[in-house]
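Readers should treat all values here as calculations from the given coordinates under stated rules, not as data from a laboratory. As the structure is a computational prediction, the values presented were derived from the model and not from experiment. Quick reminder, even Gly has a Cβ in these numbers, built from the backbone with ideal geometry, and neighbours come from all protein chains shown.
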Amino acid sequence: MSEWLVLTLAMLAACAVVLSIAFFNHRRIGEDDDPNETPDVIEYMTMMIGVIYAIVLGLAIAGVWEARGAAQEYVRQEAQALHEVSVRSEVYPPEVRARIRADVDAYVTHVVRTEWKVMAERGELTDEGARLLDRLRRDVTDYQPQTDHEGQAYQPLVDQVAAVDDARSARAGSAGDTMPGVVWFGLIIGALVTVGMVFALQIRRSFREMLLAGLFSALIAFLLFLIWDFDAPFGRGIAATTEPFLQQFEQVLDRN
């Protein structure tokens, strides 16, 4: 099911529930009931609950958006480090250079074609990706430089492979959900309380009040969906992409 369809259904369901409760609540209230008699403290509490929940929602959205941005940065660092390994190996003999570049190409192809799907679906990396990176590390570190020029390039190459490993580990840490379950519990309970306080003000069935109640509940549903969508940086609609790999290794990926 499309995520945007899920969002539409969630917003419609939120509106339907709130409006249904308002409708049945109005039928239960007697004719002599006066909504103007709502205590001032109820209005104050409703306002404060709305403000507090808005702050919590804002912090949650900022947190998942920052996690999504960090995940994309890890991908960029990994792709850039791999590109540096491929370029800096130019100083090595042809057979060594070809072996290192073949390792880089195999790793990039696996990450983009296979590992990315596994990461999005299961929130974890593949053993094959780790094996390909280990092979690249061995080919870089096992070579003994024969000239001063090669010796000067050796340590930077080793450092770039280490940067790839570090970025890959960070990407693995960002592959799953970033929002703890207890936070989701608070967000959902807060939404129910915030929307429920609308009825403490004795909402009536006028078109204006019903429209505002429906729009308010739909807005809450949309914001919760936005948090959920950002919560998995690699797994949902607005997710980190393989664009850094595509930019650095376009020709490699086109061949494979």
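Give me E128, E121 ranked fewest to most by other Cβ atoms within 10 Å of their Cβ, as a rough exposure proxy.
Going from least to most buried by this count: E121, E128.
Obtain the nm distance between the two label points defined at L211 and I189 by a simple spin-label model: each point lies 7 Å from its Cα along the Cα-to-C-beta direction.
Calculated label separation equals 3.6 nm.
Set the Förster radius R0 to 25 Å, insert the Cβ-Cβ distance between A172 and F222 as r into 1/(1 + (r/R0)^6), and round the FRET efficiency to 0.05.
The pair A172/F222 has a calculated efficiency of 0.20.
Taking the Cα-to-Cβ direction at E150 and at L246 and moving 7 Å from each Cα, how far apart do the two end points lie in nm?
3.8
By per-residue mean of other Cβ atoms within 10 Å, what is the highest-first order of 147-154, 94-101?
94-101, 147-154
For V182 paired with A13, estimate the spin-label separation in nm (one decimal), with each label point 7 Å from Cα along the Cα-to-Cβ line.
2.7
Taking the Cβ of D105 as the centre, find all other residues whose Cβ is under 13 Å away and add up their charges (Lys, Arg: +1; Asp, Glu: -1).
The answer is +2.
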